[in-house]
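**Q** The structure follows.
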Amino acid sequence: MKILVIEDNKELASSIHDYLAGENYICELALRATEAREKLLFFTYDCIILDIMLPDGNGLELLNFIKEEHINGSILIISAKGALDDKIKGLEEGADDYLTKPFHLPELHARLRAIHRRKNLDGNNIISFNEITLNTNTFELKIHGNELDATRKEFELLLYFLVNKNRVLSRQAIANHLWGDYTDNLSNVDFVYQHVKNLRKKINTAGGDDYIDTIYGLGYKFNTNKG
């Protein structure tokens with residue numbers, strides 16, 4: 001997942017960032033509401049970790065902003081406020097879950113994974129399509145029941161394709177999703193081509209069908225009508 005952490009406590013924000021980065025997530029920080037708004041308008045995130053109390057605004061106002069701008073992404077509120085009305089208001093405004101400070105980072109991680117499963121993977125850890133099976137808990141990729149020796153990025157790339165079946169994904173979108181927004185500063189994202197090529201080759205070698213279409217000038221599409 002690609003995650004935006006909106007939290008003004010630098011020590012806590014850094015701890016969350018380092019922990020999630022250690023779990024191989026793309027994680028970015030915003031210490032103020034103004035910075036968060038800018039990132040949310042220009043970049044996409046799978047999940048937004050949102051503190052209610054910010055130095056230049058209220059997290060609930062950001063929730064309304066996200067809704068008004070039709071910004072996609074799951075929302076997990078974190079706040080020292082444990083009052084029931086804050087929790088209810090946050091959930092009613094569109095948050096997917098609420099975690100009261102202080103909390104353990106493994107619990108935060110578990111909440112994020114649960115939200116992601118509910119919203120994007122129909123609540124499942126096992127994602128299957130024909131002969132392809134991915135386990136998002138163990139990061140195992142199997143073709144016809146046999147485990148494929150895939151890198152973590154190849155696993156995440158195939159998962160991104162499966163979650164977005166039959167949609168054209170630009171190379172820039174793939175790069176941003178898997179490597180973060182710093183790719184916007186690169187002169188090109190041709191390295192995406194090599195990762196897609198390697199993934200295709202491994203699947204074909206294992207006896208799987210090639211569902212990934214190259215849409216010239218645009219990007220790639222996982223085509224479910226093939227095979």
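The values are calculated or read from the model by the stated rules, or taken from the named source; none is laboratory data. Since this is a predicted model, take the numbers as computed values, not measurements. Cβ placement follows ideal geometry from the backbone for every residue including glycine, while neighbour counts extend to all protein chains displayed. Side chains are part of the model used for accessible areas, which takes the heavy atoms of the whole protein and leaves out ligands, DNA and RNA. Shrake-Rupley method; radii C 1.70, N 1.55, O 1.52, S 1.80 Å.
**Q** Under 8 Å for C-alpha pairs, at least 6 residues apart: give me the relative contact order for the chain, rounded to a whole percent. Don't skip to the end; give the middle numbers.
**A** On the way: 340 pairs, mean separation 31.4, N = 227.
For the chain, the relative contact order is 14 percent.
**Q** Counting DSSP beta bridges in the chain, what percent are antiparallel, to the nearest 5?
**A** 50
**Q** Using modelled amide H (1.01 Å from N, peptide plane; none on Pro or chain starts), what sits under 5 Å from the amide H of residue 50, excluding residues fewer than 5 places away?
**A** Amide H neighbours of residue 50: 6, 76, 77, 78.
**Q** Under 10 Å, Cα contacts only: if you run a Gaussian network model on the chain, which one of 28, 68, 154 comes out with the highest mean-square fluctuation?
**A** 68
**Q** One quarter of the convex hull surface, Cα atoms only: what value does that give for region 1-72 in nm²?
**A** 4.2
**Q** Given the chain, report the % of alpha carbon pairs whose separation exceeds 26 Å.
**A** When every Cα pair of the chain is considered, 40 percent fall beyond 26 Å.
**Q** Here's another thing I want to ask about it. Under a 1.4 angstrom probe, counting protein chains only, how are 103, 161, 42 ranked by accessible area, largest first?
**A** Values: 103 35, 161 0, 42 150 Å².
Greatest to least solvent exposure: 42, 103, 161.
**Q** Same structure again: Please calculate the 1.4 Å probe accessible area of residue 14, with all protein chains present, and give it to the nearest 10 Å².
**A** Estimated to the nearest 10 Å², residue 14 gives 50 Å².
**Q** For region 21-70, with only Lys/Arg (+1) and Asp/Glu (-1) charged at the beta-carbon, what is the dipole magnitude about the Cα centre, in debye rounded to 20? List each step's numbers first, then the result.
**A** Working: 4 positive and 10 negative charges, 10 e Å.
Using Cβ point charges on Lys, Arg, Asp and Glu, region 21-70 gives about 40 debye.
**Q** Mind checking which aspartates and glutamates have their Cα closer than 14 Å to the Cα of residue 142? Skip sequence neighbours fewer than 8 apart in that chain.
**A** Reachable aspartates and glutamates: 131, 154, 156, 209.
**Q** If DNA, RNA and ligands are ignored and the probe is 1.4 Å, what is the ranking of 40, 218, 29 by accessible area, most exposed first?
**A** Values: 40 5, 218 110, 29 55 Å².
Final ranking, largest accessible area leading: 218, 29, 40.
**Q** May I pose another question? Would you mind working out the magnitude of the charge dipole of region 3-156 relative to its Cα centre, with +1 at each Lys and Arg C-beta and -1 at each Asp and Glu C-beta, to the nearest 20 Debye? Walk me through the numbers on the way to the answer.
**A** Details: 17 positive and 28 negative charges, 44 e Å.
Rounded to the nearest 20 debye, it is 220 debye.
**Q** Restricting to DSSP H runs of at least four residues, report the calculated mean residue ellipticity at 222 nm for the chain, -39500 (n - 2.57) per run over all residues, nearest 500 deg cm²/dmol.
**A** That calculation yields -13000 deg cm²/dmol at 222 nm.
**Q** Now a separate question. Please report the accessible area of residue 37 (heavy atoms, 1.4 Å probe, ligands and nucleic acids excluded) in Å², nearest 10.
**A** We get 70 Å² for residue 37.
**Q** Right, another one. At a Cα cut-off below 21 Å, give the lysines reachable from residue 39, other chains included and same-chain residues fewer than 8 away excluded.
**A** 2, 10, 67
**Q** Now a separate question. If you build a Gaussian network model of the chain, linking Cα atoms that sit under 10 Å apart, which residue out of 72, 137, 164 swings the most?
**A** It is 137.
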